[in-house]
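What follows draws every value from the coordinates through simple rules; no lab data is involved. Please read all numbers here as calculations on a predicted model, not as lab measurements. Positions of Cβ are generated from backbone atoms using ideal geometry, with glycine treated the same way; all protein chains shown enter the neighbour counts.
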Amino acid sequence: MDFIKGIFNVIADPRLYFFLMVLSLVFMVWKREVFISKAVGYGVLIFLTLFFALGGLDPNFQLIITKPDNVPIVGLIFLLVFFTWYSMREAVLNDQRIAKGDGPIEKAESDRVWVWPDLVYTELISLILCSVVLIVWSILLKAPLEQPANRAVTPNPSKAPWYFLGLQEMLVYFDPWLAGVVLPGLIIAGLIAIPYIDKNPKGNGYYTFVERKVEITLFLFGFVILWSSLIVLGTFLRGPNWNFFGPFEYWDTHKLEALTNVDLSEYFWVRMLGGGLPSNYVVRELPGILLCLIYVAVLPPLLAKRGFKTYYDKLGAPRFYVTVFLFLMMMSLPIKMLLRWIFNLKYIVAIPEIFFNI
Amino acid sequence: MAEKKAVGHAYNIDFLNVVFAASSIFLFVSTIWMVWDDFDREWKNTQRRFTQLELEVTNAQLAQTQKSPERAKLPALQQQLAAAEKAMEANRQRIDEINGQLSDVDARLYRVNKSAQFAKATYDVNRYAFEAARTANPEGVGERQKEIEAEAQRLNELNLEVQKVEAERAALQAELGKFTSEVGRLQKELTQINFEQTRLQRVVANIEPSLVKDYFRNAPLLDFMAPTLTVRQVVTPNVVDDVNFARVAKMDRCTTCHLAIDRRGYEKYPQPFRTHPNLQAYVGSDSPHPLATTGCTVCHQGLGGSTGFNDASHYPSNPKQREEWEEKYHWHEPHMWDYPMLPTNMTEASCQQCHRQEVYVPQAPRLNVAYATYERAGCYACHKTKGFENLRKPGPILTKISGKLTQDWVKNWVRDPYAIKNVTWMPKVWYNSNTNSPADHPRNEAEINAAVAYLFANSETYTPAVASPPRGNPKAGEQIVRSIGCLGCHIVDENDRAAAGPRRTFGQPLKSVGSKTTYTWLYNWVRDPKHYNPATYMPDLRLTDAQVADVATYLTTLTGSAGTAAPVTPTQAQVDAVLLDYLRNLMPLAEAQGRLAKMDTTAKQLDLGQRVIARYGCFSCHDIKGFETTQPIGVDLSEEGSKLVTRLDFAFVDIPHSKLEWFHQKLKDPRSFDQGRVLEPLEKLRMPDFRFNAVENERLQTAIMSFQREVQPASALPPRTAMRDFTVNGRALVRRQNCVGCHEIEGDGGDYKTLVADASLAPPLLTPEGAKVQPDWLYAFLQGPITIRPWLDVRMPTFGLDDRRWNGIINYFQATGRSTEQFRTYDHQQLTQMAAPGRELFELLQCQKCHVLGAIRPDQDRASLAPDLRMAHERLKPEWVLDWLRNPSRIQPGTRMPQFWPTPPYPKSSFPQLGGDADTQIRAIRDYLYTFRGGPSPRRGAGAAQSTN
C-alpha cells in the first residue's frame, strides 16, 4: 500500500502532474473513440471512486479531502470528468452520424419543447433536489471557521477561495500584477470577445468535435488543464509555505524548497557571455525585453504568414490578431512553467528597481 | 413510455410523479432534520439535567426546613390563631358592616383619584401652553390666565376631596383593626416561620416539569418566544478579550452549563454542576471577583462565547482526564481559540492578567510557589522577564574563585553538578541530550577546561581575614547549624529539591560542601560572609569565633562524591578545532586560522574559555570578570504565556502541538528539540538542564503561562494607592530576601516551623508587625537585632541591607498593619496615667508567670516564656497593646497568651477592679507596662549588635 501511495506522491509532483494532465488531454482528443467508450467511462469512475475511498483511509489524505472547504473540489473532480466524457461522447457519436450523412442527432429531434408539464415539472423537481442537497450539506459540513484573525500570524498555507486557486497557482510563476491583474483581466476580456471573433456557425446547437477540432482542444486546454486541474492541484497538493506535498504526505511546516532559480539576464550575460551583469537595468534586461516584444509583436504577423495562414484568411486581420494575442497570453503560462521546470528560469524580465518583473 | 412520448411528452409523467413524490419526501425529511439539528444543542440537555438536580436539591432543602426548630412553635401559634378567630366571630356583624362601608369608600376613592389625576394631566398641558404663549406675547393672555387659575382651583378641590375620602377610609380601617389586629399579628408570625418553606415551594413550583414548559415553550420552532432553556451570559465591560484588531468586552457563556457555579449547596455534585470551590474569593457576589463584573474566562481562559464543550476550549488537567474527555466528549486539542483554558491546577497563572508583576498574590499558593521557583532557579537571569528585572545574579560570584575552589573540583562540578549535589540549582551545561554522544566528549571537555581556565585566570586574589583559623568541635557546630537558623535557607539532609521548596533552598544546599572548599574559606565565610562577597545575601549570625570554628569544622565533615571524572582528555588538535569553530563564526576562515596560529596554548585556552562562557551564558548567573555588561542570552519571557503555538518549533519531537506540552518538554529536556536534526556544534540548543521534576516543571509552566501580554484595561486592575504599592513592593522584598523562609507573613512562608518541635519555638509571625511595633524601634532593630525572646534557639541575623530595602520592609509592615501614621510621639504622662490600678491587675493576672522582667526568674517555666515587658514602652504601639490584650488569638492565632477578657462577658470583666469594666482594666495594665524601663534596646549603641543569646 505504501508503495502505491509513494507512486501517487511522485506522480503528484506539479511537473509530472501537469505533464500527465496534458498527456491525458492529448489521449482524449487523439483516441477519442476509445475515450468515449463506456468501458473507459466506468473505468475512470471506478478508479476515482477507489482512489478517494481507499485513499481516504490515509490519515493525511483524509484530513485534506474532508476539510469542509475541500469537499466541493472532490465533487468537482467527478463532475468535471463526467461532463468532459459525456460531451465528448455526444460529439463523437454525432461526428459518426455526420460522417455517415445522417446529420447530428439534435437535428433529428423535434424542435418543440414541452413547457407544461415537462419543463416546469422537471424544474420543480430539480429545485427540490437542490434544496435537499444544500440543506443536508449545511447540516453535515460545518462552516470552516478559524480563530480570530491576527495580523501577526498568517494562516499557513494561506489559500484563496477554491475557485481562485488556479489563479493563485499562477503566482508561483508570475508576479502579482501579471498573475493577479493582467492575466485574469484578459481571461474575462477573452471570454467576452469569443462571440465576436468566432463567426463559424458550425457546432451551433449540436455536439461535434471534428467540425471544431482546434477550438474545442484549445478550450479544453484552457479550462480543464489550466483552470480546473490547477484548482485541484492548489487544493490538494499545496501545503504550508505553498510547498508541494503528495496527497499522502504529512504537511510538515519545516519542509524546504531549494531556491535556485535565476533570471534570463543572468543566463545571457553571465552564463552565455561569461561576464558580469550590466549595471544599467535597461541594458541588463534587454534580451528579455526583446524576447517579450518578439513574442507579442513579431510572432503574430509571422504566424499570419505561416502556420496559421488559413485562420488569417478565414478571420481577417483584426479578428486574427485579437485571437492570436489572447492565445499567446494563454500560452504564456505553460511556457513560463516549462521554462521554470526545465531551466530554473525565474523571470524573463526582472527589474526589481521599478518592481517590474515578467 | 414510447406511447406517452408519442402524444407529446418528453418524459414519462408517471415516473416524474414518483420522482417528485420521492424528492418531496426527501425535502420534508431534510427540513425536519435541519430544524432538529438547530434545536438539538449540547447545553440544552445539560440544562435539563440541571433542572432535575435542582429539583432534587431544593426538595432536600425543603425537607430540611421541616426539621427547623422554629417549627416547634407552630401548633401553639395555630391554637392561638383559632382562639383569636373565635373571639373575632363575636363581632362578626359589626365587622361585616365596616367591610361593606370600606368597599363603598374604596370605590369612591378610586373615582375621585382618577378625576384628580386626569385634572392634573390636563392642567399640566394647559399650564405649559399658557407659559409658552405668555413668553411669546406677554400682553394677549389675560383671558387664558383666568382659565388656568380656574383650572388650578378645580385641581386643588379634587385633591382635597381625595384627602377627605382617604381620612374616611383610615377611620374605618382603625375601627376594623380593633377587632382583627390579633388575628393579623398571629398570621404574620406564622408566615414568618413558614417563610423559607414557602420560598422553596415557590422555587419547586417554578422548576417542576410541566407540560407547557417542556413541550410548548421549549418546543422546536416555538422556543424563540419564551423558552425556559436559554443561553446565559455575563458581559464584562471592564474585562476584555483581545481579538487582535480590537479589544472587546468579554462575553462569557460558561454559566449556560455551569449553572450552580455561584450557588451554595452543589459542592459535591460532578461538573458542570459543581459550586465554585472558593466562592469567597471568586464568583460570589460579595467576593472581590464577582461573576457579574469579572466573568470566567479572564481567569480560566478559553472561548467564553461558546456553549459547546470542545468549542469552549476546555483543557484537561492530566492525561487521565484527557482520556476521559476524548471518550466522553470527543475532545481534541483546541484550535479555534489561541488561548485555550488553563488546566485547573494552573488557573492561578491568570492572576497576572490584573495583578500585574506581583510576585506574591494572596490566596494563590500555586502561583506564588511558581514564582519562587522561577526566581530560585534563576530563569530571569538568562531570560529577561518583566517584573524580575534588576535582581541579583542567582549564582555565587566567580571573581574570586581561585581563593575558594580548585580547578579539578570545578571541572567535575560543571561536568555534572548533580553527581556531586543532587539538590543543587546549578544546571548541567554539558553532556546533555544533544551533546552526549562519544563524538561530543572531546569538545565538551575542551570547552569545560577552557571555561574553567578562564575563570581561574581572571580570578582576583582572595586574602582570608583569618589565615589559619583554629579547628572547632564538629558536634557543637552541628548543634549550632541545626538550631540557630541556618536551616531557614540551607538544607542539609533533604534529597528532594522540589519537596524542600524554593525558600529552604534559598542558600546553597550544604551537602558535599566539605569536599568542595577549604576549611579556611569556610571559617572566613561563616565568620563574615561580606568579606568574601560584599553583595552576598548571606547574613551575619553574630557567632563568636569559637562558634564559627565549630560550625566551619562541622561543615567540613559534610563530604560527598567527588563527581564525574572526564571520560576523555582532548588533544590540542581537538581544542584548536573547537576554537576554530567559534572563530569562523565571527570571521572568514583564513583570518580565523591566522588568528589561531598566532596564539600559544594558554592564549588559545583563555580565548576559547571566554567564548564558551559567552555562548552558554555562565555570566548571567555568576559574576565573572570581563562580562560585567554583557546582555543575558535567553529569549525574553515577558509575554511567553501569550505566545501562539505556531511560534514554537516542535522539530521532530513527537508530542501534541500545544503550548503547555512544548513548555513541559523544554523544561524536562531543554535540548530535546535538537533530536533527529543535523546540526553544527554551535547551532545546537544551549539551555542547560536543571533536572526539574514533575512538580517543579508544573510550577514553572504556571509561571510561564502567567507571563501574558497586557490586555486588560486599567479599569480592570486593582486601584493603585500608596498603600498598595508598599504592599506589592514589600511582598516582593520579603521574598527576595527570604524573610519568609523563617517568618510567616500574611499567611505565607514560615517554613522554619517545620524544623522546630513546637510552633512557639519558631521565628515570630510578622503579619501584625506593622500594627504592633513602633517604626523607629523596628528600623533600629533591623539594623542591629537584639534578643527579644531569650528562650528561642533560632536568632534574627544581621542582614546589613541598605536603607532602601529596610524602608521598603517597614512600609510594607505598616501597610499590612493598616497603620497609616508611621512615626508618632506619645505623651508618656498620659500613657501611664492609670499605672497604679494597672499594677494591681498585673499582679492579679500573673503576667510575670511568662513575661520576663529583666532576668528569668527561677519559678518561670522556660517552655512558656514571653518577651521582656521592659521593652514595651519603646517597642510596642500603645493602641496595639490594647487590641492584643483584648483578644490575642485574633491577632496571632495559636498564641499562648491567654484571653483574660473573653467575649462574654466583654465589655464587662470577670475582675471587680475599676468598676468591672474590661476596657478600663486593659488600659490600666497597658499604662502600667509603659512605666517599665531598662529593657534591652536596639537603639543603644546604634546598630551594633547588643547582646546575643
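For the reader, a short list of remarks on this structure follows.
- Loop GluC sites (Glu not before Pro), segment B:787-851, which have at most 15 other Cβ atoms in a 10 Å radius of their Cβ (DSSP): B:GLU821
- Relative contact order (%) - chain B, alpha-carbon pairs under 8 angstrom, separation at least six: 10
- Among A:LEU230, A:LEU302, a tally of other beta-carbon atoms within 10 Å of each Cβ gives an order, fewest to most, of A:LEU302, A:LEU230.
- Mean separation of Cα pairs under 8 Å and 6 or more residues apart, divided by the residue count, gives segment B:83-217 a relative contact order of 38 percent.
- Here is what passes the span test in chain A: the DSSP H helices with alpha carbon length of 18 Å or more along the helix axis and a Kyte-Doolittle mean of 0.5 or above are A:14-30, A:38-55, A:71-100, A:120-140, A:183-197, A:317-343.
- Residues B:PHE224, A:PHE223, sorted so that the one with the fewest Cβ neighbours within 10 Å comes first: B:PHE224, A:PHE223
- Shape class of the protein assembly as shown from the Cα gyration tensor (axes a ≥ b ≥ c, square roots of the eigenvalues): oblate, since a/c reaches 1.5 or more and a/b does not exceed b/c.
- Size descriptors for segment B:68-161 (Cα atoms only): Rg and Dmax, in that order, 26.7, 79 Å.
- Spread of Cα-to-Cα distances over 5 Å intervals beginning at zero, given as percent, for segment B:420-529: 2, 9, 13, 16, 17, 15, 13, 8, 4, 1, 0
- Gyration tensor verdict on segment B:809-909 (Cα atoms; rounded if a/c is under 1.5, prolate if a/b is larger than b/c, oblate otherwise): rounded
- Contact order relative to length of segment B:561-663, as percent, for alpha carbon pairs under 8 angstrom and 6 or more apart: 15
- Legend: mean number of C-beta atoms from other chains within 10 angstrom of residue C-beta atoms, peptide B:648-655, equals 1.
- Degrees separating the helix B:441-457 axis from the principal Cα axis of chain B, which is the longest one: 80
- Radius 10 Å from Cβ of B:VAL653, net charge of other residues (Lys, Arg +1; Asp, Glu -1): -4
- When each of B:PHE15, B:PHE650 is scored by the number of other beta-carbon atoms lying within 10 Å, the sequence from fewest to most is B:PHE15, B:PHE650.
- B:ARG49/A:PHE82 FRET efficiency (R0 56 Å; Cβ-Cβ; nearest 0.05): 0.70
- Sparse packing (at most 14 other Cβ atoms within 10 Å of the Cβ) combined with a DSSP loop state is found for the following trypsin sites (Lys or Arg not before Pro) in segment B:458-495: B:ARG471.
- Rounded if a/c under 1.5, otherwise prolate or oblate - chain B, Cα gyration tensor axes: oblate
- For GluC sites (Glu not before Pro), no site in segment B:712-778 is both called loop by DSSP and has at most 13 other Cβ atoms within 10 Å.
- For segment B:232-301 and segment B:719-744, distance of Cα centres in Å: 29
- Shape annotation for segment B:222-364: C-alpha extents along the principal axes are 50, 41, 38 Å, from largest to smallest.
- Between the Cα long axis of helix B:659-668 and the first principal axis of chain B there is an angle of about 20°, rounded to the nearest 10.
- Between segment A:219-271 and segment B:81-95, the Cα center-to-center distance that results, in Å: 101
- On Cα atoms only, tilt of B:545-556 relative to the major axis of chain B in degrees: 90
- Residue among A:ASP263, A:ASP13, A:ASP118 with the largest mean-square fluctuation in a Gaussian network model of chain A, springs linking Cα atoms under 10 Å: A:ASP118
- With a Förster radius of 56 Å applied to the beta-carbon distance between A:LYS67 and B:SER910, the computed FRET efficiency rounds to 0.10.
- Summing Lys and Arg as +1 and Asp and Glu as -1 over all other residues whose Cβ lies under 12 Å from the Cβ of B:ARG504 gives a net charge of 0.
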